[in-house]
């Protein structure tokens, strides 16, 4: 090996070594900032459902307010594998996809809020459906352009496309988790941002909720009444929450006048026009539904929701809704089903949960809330274990 | 009357006539091996969470003097995934839990017992064995290895058996709720909760009479005792 070859090899290995160090650091994070282990199996099954059987998951919590997702294979492993191959070293076979999913540490034990993860998975799914969709979205923005200069047009399209992708990921979340996703979005989004706050990458929360409510109300309409109004399939407590929120996210409340943001008003105007166009919305919904069906096998339909509302009785009696009980068969419930039933119960107030607990616990609001969170986590753990057991047992 | 395995399964799978009457065991991962026809119990599986006492942090467990919550100083929480194992060493004591979550109706109660196959390895699985009506939650397993050889415990294995019997009593009587109600994992014990006040009173009076320092008070700082110098002159 001459000096030149030696230097090149050194540089190359240095580059891969850096990547290995970064990878190790990322992989070590779950050890230092653990997330509730009860969630692992249920979420892994979800990852496999969306990204295929070779997907795996590393879960951790981080001191921030955001949910994060990093595809370790995409970001790091591919380069490292190429590097190792260069030296004729065959790395051991492992999962083809590993997602590093970060939960906000302050809320890591609050499983109900974690429906938001579907939004992050949605981003990955949209990214993978790739350039075509991005182009389609960008092109759909152009008719709403009020700008002459080319660089301004590019900037406006970029903002609008980012906003559309955020909304598309929300819709994906709704298709996966149903009304539970909207409950989580209301609680999470309003806790971390003001309703009319926007940025280049995120549209105002009010717009996001408006779009979610529009689709959700359509999906979960049971019938139309004589006055032409909708009768919804929502459980009573969710129904009450949604009734409270509907006026706040009504189309008449959307506009850039009240928006608080550092986004150029002309770009925001373009993005708003694109979002508010009914054809665009329809297109976005149909693409999200197509992706949920294609990637997750099915989306969470009204009939699933109606059946899962029966699980609320289980929760009221301190029975984790892991299986559809007492029907002479043991059919497993789904993660979206569990979370919808738990949300419905939770929105009714934890007082009812406390009423059958000893006074020392029920009088302490924090203890009560902790016990309920543990109950939800336990349900997800048992659901994950039961699914894994069936798989291993070949049944 | 003790319920047969068939009857246990039938009761769990029957639609409850009322909430009071609802008997649930969930999830039963395999009815055929856990509730074998002809037997009089259901086998329960070992869960994934263990509480391992920390000997170094406490000189003794004193529930009269210490606050009820000893979790942070008393025990480490160890998680073991299904597929992995926990090694229980000779004379070691840990708290485990069942995979199954139980919800007992008003008319049934149960008691946990070891399985002979584990017993022959020296494993004790439960010391507080009674489960009262209306209890809901996982069951705590007090695991001790009385044998000479460390034992590997695999979460998911059938570790103990639960016998279930009917309770004959006044159907309108109010049933006191367990402090461990809705336990998703074995919660901190407070064995003196019912008698703490009275026992503390006895303790105070005992200390006054005998003029002894309270045992829970911190020891006085170590000082070197030296003899006074003899007076000169």
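Values computed for the structure shown
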item: Potential extension, residue A:152-residue A:293 segment - 0.36 nm per residue separation minus Cα distance; result: 47.1 nm
item: Shielding score for A:279-290, defined as the mean number of other chain Cβ atoms within 10 Å; result: 0
item: Label point distance in nm, residue B:30-residue B:196, each placed 7 Å from Cα along Cα→Cβ; result: 4.4
item: Shape metrics for the stretch B:12-136, restricted to C-alpha atoms - Rg then Dmax, Å; result: 17.4, 51
item: 10 Å Cβ neighbours from other chains, averaged over peptide B:180-189; result: 5
item: Acute angle (nearest 10 degrees) that the helix B:196-210 long axis makes with the longest principal axis of chain B, alpha-carbon atoms; result: 20
item: Neighbour-count ranking [beta-carbon atoms within 10 angstrom, fewest first] of A:188, B:74; result: B:74, A:188
item: Residues of the stretch A:218-234 with amide N under 18 Å of a point placed 7 Å along Cα→Cβ from residue A:303; result: A:219-223, A:233-234
item: Computed FRET value (nearest 0.05) for residue A:191 with residue B:78, which takes r as the C-beta separation and R₀ as 45 Å; result: 0.85
item: Mean Cβ neighbour count within 10 Å, used as a protection proxy, ranking B:33-41, B:102-110 highest first; result: B:102-110, B:33-41
item: Förster radius 45 Å - calculated FRET efficiency between residue A:257 and residue A:105, Cβ distance, rounded to 0.05; result: 0.80
item: Rounded FRET efficiency, nearest 0.05, which uses the C-beta distance separating residue A:85 from residue A:246 and R0 of 45 Å; result: 0.20
item: Space enclosed by the convex hull of the alpha-carbon atoms of the stretch A:322-377, per residue, Å³; result: 93
item: Mean separation of Cα contacts under 8 Å (6+ apart) over length of the stretch B:5-210, as relative contact order %; result: 26
item: Rg/Rg_ref, chain B, where Rg_ref = 2.2 N^0.38 Å and atoms are Cα; result: 1.35
item: C-alpha center-to-center spacing [the stretch A:285-310, the stretch B:122-144] in angstrom; result: 41
item: Neighbour-count order for A:67, A:345, A:33, fewest beta carbons within 10 angstrom listed first; result: A:33, A:67, A:345
item: Ranked list, fewest to most other Cβ atoms within 10 Å of each Cβ, for A:353, B:206, A:177; result: B:206, A:353, A:177
item: Over the stretch A:184-304, equivalent-ellipsoid semi-axes from the Cα gyration tensor in Å; result: 26, 18, 15
item: Taking the C-alpha atoms of the stretch A:252-307, convex hull volume expressed per residue in Å³; result: 149
item: Partner chain coverage, peptide A:377-386 - average Cβ within 10 angstrom; result: 5
item: Within chain B, helix-based [θ] at 222 nm, where runs of 4 or more DSSP H residues each add -39,500 (n - 2.57), nearest 500; result: -4000 deg cm²/dmol
item: Of every Cα-Cα pair in the protein assembly as shown, the percent that sits beyond 42 Å; result: 38
item: Two-site label geometry, residue B:15 and residue B:124: point separation in nm, points 7 Å out along Cα→Cβ; result: 4.6
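Just so you know, all these numbers are worked out from the coordinates, no wet-lab data involved. This one's a predicted model, so the numbers in the text were calculated from it and none came from an experiment. Positions of Cβ are backbone-derived with ideal geometry, glycine not excepted, and every protein chain shown enters the neighbour counts.
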